[in-house]
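Have a look at the structure that comes next, please.
The values are calculated or read from the model by the stated rules, or taken from the named source; none is laboratory data. Bear in mind the structure is a predicted one, so any value in this text is a computation, not a measurement. Please note: Cβ atoms are built from the backbone with ideal geometry, for glycine as well, and neighbour counts cover all protein chains shown.
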Amino acid sequence: MARADHTVESDAAPVPGLSATRSTIREWLAGVGFALPYLLVAGAFLFGPLLLGLYMSFYDWNAVFPAQSEFIGLENYRTLINDPRFWNALFNTVYFVVLTVPTIVVCSLLLALGVNREVKGRWLLRTIFFSPYVLTVAVIGLLWEDLFNANGLIPYHFGTEGWLTSPELAMPAVAIATVWWTLAFNFVILLAARQNVPDRLYEAAKLDGASSWRMMIDVTVPQMKNPLIFVIITTFVGSFQVFGQPFIMTQGGPSFSTTTVVMYLYNTAFSTGDFGYAAAVGYVLFMILIVVSATNFYVLGGDDS
């Protein structure tokens with residue numbers, strides 16, 4: 001007997017793209033779930049204090065009884081603009097940035113290129129170059145304070161007075177200590193970037209008769225462009241926020257020649273108790289860092305589009 005095949009059609013035809021939409025939603029929810037712990041921590045310890053600091057900058061803030069704080073609008077910012085101590089601190093900070101950033105970037109690049117060569121004991125050299133970075137800022141400050149003070153090794157061998165008691169030499173002393181300490185981080189970043197440059201590019205350049213200098217300019221630096229931009233911007237930001245080294249080595253002296261913006265902010269908040277004004281100083285520094293970072297990124301050609 002012949003058996004008839006019956007096709008049962010579904011009452012509801014599947015909606016095109018519905019399954020893809022559900023899959024996208026599930027992936028989005030999974031991503032939010034994984035990111036949620038970080039977002040909660042960042043909200044509690046980063047974005048929350050950031051907004052609170054902005055709120056405080058518009059008040060004559062009472063740290064003991066916050067409810068009694070007086071709203072004064074932009075008065076803290078007006079005071080800051082006319083404050084010679086702030087401008088002195090900003091000048092000192094910019095001076096420190098000029099001393100450290102080019103030196104750190106150039107020296108870390110040269111060290112990375114040098115250690116990448118086939119030399120005996122390069123693993124030992126890498127260890128030596130990186131070792132200062134594992135020390136804390138307190139150790140670095142106390143170590144270099146002993147080296148630069150009146151009875152230290154550096155004044156003794158160079159026939160100079162104590163660097164940390166000289167308004168002209170104190171900031172260079174802090175800069176030297178900072179370069180020696182922070183060089184290692186950028187060195188490791190740039191060494192990894194150099195090792196990712198394909199050897200075939202150098203082989204092609206050699207066939208074209210390029211010298212070592214031309215290969216560095218035309219091959220190495222362009223291939224390391226993004227890591228170099230990262231190093232330059234992070235070094236700028238870190239130098240603008242310098243605090244620990246001058247705080248330990250000079251306490252901002254002599255004659256306020258090493259008082260940086262962050263030191264001035266700290267002294268304003270915790271020595272005079274003017275937290276509202278200190279918050280305004282912090283937000284001006286925050287805006288300066290945004291402008292500096294954006295300018296660096298634009299000038300260095302970070303946007304390849």
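If you scan region 210-249, which residues turn out to be over 30 Å from ASN267 (Cα atoms), over 13 Å from the mean Cα position of the chain (by Cα) and of a type in the set (Phe, Trp, Tyr)?
TRP213 - this is the single residue of region 210-249 that is over 30 Å from ASN267 (Cα atoms), over 13 Å from the mean Cα position of the chain (by Cα) and of a type in the set (Phe, Trp, Tyr).
Collect the residues in region 65-80 that are closer than 13 Å to TYR55 by Cβ and assigned to a loop (DSSP other than H, G, I, E, B), keeping them in residue-number order.
Within region 65-80, SER69, ILE72, GLY73 qualify.
Can I ask one more? Which of the residues spanning region 176-205 are surrounded by 12 or more Cβ atoms within 10 Å (Cβ to Cβ) and more than 21 Å from VAL134 (Cβ to Cβ)? If you could, list the steps in order and put the result at the bottom.
So in region 176-205, the residues surrounded by 12 or more Cβ atoms within 10 Å (Cβ to Cβ) come out as 176-194, 197, 201-202, 204-205.
Answer for region 176-205, where residues must be surrounded by 12 or more Cβ atoms within 10 Å (Cβ to Cβ) and more than 21 Å from VAL134 (Cβ to Cβ): ALA193, ARG194, VAL197, LEU201, TYR202, ALA204, ALA205.
Within region 151-165, is even one residue exposed (fewer than 13 other Cβ atoms within 10 Å of the Cβ), touching a strand residue (DSSP E or B) at 6+ places or on another chain (Cβ under 6 Å), acidic (Asp, Glu) and over 19 Å from LEU183 (Cα atoms)?
No, that holds for no residue.
Follow-up. Among the residues of region 253-281, which ones are under 25 Å from ALA63 (Cα atoms), of a type outside the set (Phe, Trp, Tyr) and surrounded by fewer than 21 Cβ atoms within 10 Å (Cβ to Cβ)?
VAL262, ASN267, ALA269, SER271, THR272, GLY273, ASP274
If you scan region 246-278, which residues turn out to be part of a helix (DSSP H, G or I) and under 28 Å from VAL231 (Cα atoms)?
PRO246, PHE247, ILE248, MET249, VAL261, VAL262, MET263, TYR264, LEU265, TYR266
Restricting attention to region 206-220, report how many residues are surrounded by 14 or more Cβ atoms within 10 Å (Cβ to Cβ) and of a type in the set (Val, Ile, Thr).
2
List every residue pair whose Cβ atoms sit under 9 Å apart, with the two residues 6 or more apart in sequence or on different chains, where the first one lies in region 150-165 and is in contact (Cβ under 8 Å) with a residue 60 or more places away in the chain and in a helix (DSSP H, G or I) and the second, anywhere, is among the acidic types (Asp, Glu) and surrounded by 11 or more Cβ atoms within 10 Å (Cβ to Cβ).
Qualifying pairs under 9 Å: LEU164/GLU145.
Ok, one more. Out of PHE286, PHE297, PHE275, which single residue is hydrophobic (A, V, I, L, M, F, W, C) and closer than 30 Å to VAL139 by Cβ?
Selected residue: PHE286, the only one of PHE286, PHE297, PHE275 that is hydrophobic (A, V, I, L, M, F, W, C) and closer than 30 Å to VAL139 by Cβ.
Return the only residue of PHE230, PHE297 being outside any loop (DSSP other than H, G, I, E, B), within 18 Å of LEU109 (Cα to Cα) and not polar (S, T, N, Q).
PHE230
Right, something else. Could you say whether any residue in region 81-88 is among the charged types (D, E, K, R), in the same structural domain as TYR133 (by TED's automatic domain parsing) and not in a loop (DSSP other than H, G, I, E, B)?
Yes: one or more hits.
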